[in-house]
Structures are given as structure tokens and as C-alpha cells.
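Reviewing the structure listed below.
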Amino acid sequence: MTTNPFSVNWDYRCPFARNAHEHLVVALEAGAPFQITFVPFSLNQAHVEEGDKPVWEDPSKEPDLLAGQVGIVVRDRFPERFPRTHLALFALRHDHGGDLRDSAALASVLEQEGLDSSRVFDEIRSGWPLDEYRKSHEASVADNAVFGVPTFVLGDQAAFVRIMTRPGKDAGLARATIERVLDLLEHHGELNEFKHTSIPN
């Protein structure tokens, strides 16, 4: 198993990012010695046509960027609360059918996780979370040609990964799943694409 630091990006809209980040958090909480940097990425920006206005500069896209900024604030200002809040924000969309553009829904998640939502939204209004969002997204694209989530980056290797399972409370499964991804990334660069032609029911 690698002991090297790695990063994984996220956008709360993606179910595959949800799966991967559940494995990451469950493994970490059980003591896995992973050194992870959680990096925000905007699927909205990834789908902007060349020549069109970036989402960061488009007022009509502000709601689409709100959840990502909430995650950034919690990650950087309340790191001890980040792992559980991170998963709760994924759950808002994928388990509860909530709207990630709804500030009230996001505030409810924050309050349920023991955070003062007004402080988080004050940070967002100050402007730095949007700057951080843009900087992180653009660096991911420029440095590692990231196009989607989740992308794992280890050293100079980067791979978009679709994990089909969720770990539940199985920390052993979570750790083994992430270790398998990292092993492929670190030691099997010749395996560029391996995709099942069908999905088991």
C-alpha cells in the first residue's frame, strides 16, 4: 500500500464521486493511513463550451457553485467537521433527493452536522471560497488534464475512477477499495482503461 499523499476531487452532483468519497471517509475514520487532499471541481465549468463565459464569471451560475463553496469553507475553516459534512452534502443530493442549489437545504445539512450555517455563508459572501474553487478547478485541468469526478492523483499519475459500490459501515471494504485504486495508479500505468461492458443487476 502506498504511503504517499494523493488527492481526489469532488463535485457533489456526481454519484460516482459520492461512492468514492464514502470509501475514503469510512477508511480514514477507521484509521487508514491515507494522506488525502480533497479538491473541488466544477462539472458545470467542465461542460462550458470554448469561448463561452466561465461559470465563475456568470451570475446565473451562482446557485450551481454554492454547494462546492460550502464544502470548501468547511474543509478549510472547520476541518474536524469536514469528513461527515462532506458525506452529508453528497447524501442531500443522492440519498434524499435534495437540491444542492437551495441555500436553506444546505444550511440544514450544516446545522445537523453541528456547524453554524450563518458563519459558513458569511465566508462565502466574503469571496474567497469562489476564488479557491476556481483556482483548484483550473489547476486540476492544467496540471493533470482532469475532466471529471472522481479523479485520483498520485504523484504524476491521474485517473478518473468509477467505483460502483458503497461501503456502508464496512471499513475493511472501504480501505481495500481505495488501496486497489492506488495500487493500479502507482504500479500499473500500462493499464489505461478497464471497463466492464455491462453492469451486474
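Show the residue pairs meeting these rules: Cβ distance below 8 Å; 6+ apart or different chains; first residue within the stretch 85-106 and among the small types (Gly, Ala, Ser); second residue assigned to a loop (DSSP other than H, G, I, E, B).
Ala88/Glu113; Ala105/Gly98; Ala105/Asp99
Surrounded by 18 or more Cβ atoms within 10 Å (Cβ to Cβ), of a type in the set (Val, Ile, Thr) and assigned to a helix (DSSP H, G or I): is that true of Val120 in this structure?
Against the criterion (surrounded by 18 or more Cβ atoms within 10 Å (Cβ to Cβ), of a type in the set (Val, Ile, Thr) and assigned to a helix (DSSP H, G or I)), Val120 qualifies.
From the list Phe147, Phe160, Phe90, which one is modelled with pLDDT of 95 or more and closer than 20 Å to Leu66 by Cβ?
Checking each option against the conditions leaves just Phe90.
Any idea which residue in the stretch 166-200 is farthest from Ala145 (Cα to Cα), counting only those that are loosely packed, with under 15 Cβ neighbours inside 10 Å and at pLDDT 95 or above?
Lys169
Quick one: which residue in Ala158, Ala176 is free of Cβ contacts under 8 Å to residues at least 12 places away in the same chain, hydrophobic (A, V, I, L, M, F, W, C), out of contact with any His (no Cβ under 8 Å at 6 or more places or on another chain) and not in a loop (DSSP other than H, G, I, E, B)?
Ala176
How many residues does the stretch 49-77 hold that are touching a residue at least 40 places away in the same chain (Cβ under 8 Å) and part of a loop (DSSP other than H, G, I, E, B)?
1
Which is crowded, with 16+ Cβ neighbours inside 10 Å, out of contact with any Lys or Arg (no Cβ under 8 Å at 6 or more places or on another chain), without any contact (Cβ under 8 Å) to a residue 60 or more places away in the chain and more than 15 Å from Ser140 (Cβ to Cβ), of Leu28, Leu24?
Result of the check over Leu28, Leu24: Leu28.
The values are calculated or read from the model by the stated rules, or taken from the named source; none is laboratory data. Owing to the predicted nature of the structure, the values given are computational and were not obtained by experimental measurement. Every residue, glycine among them, receives a Cβ derived from its backbone with ideal geometry; neighbour counts consider all protein chains shown.
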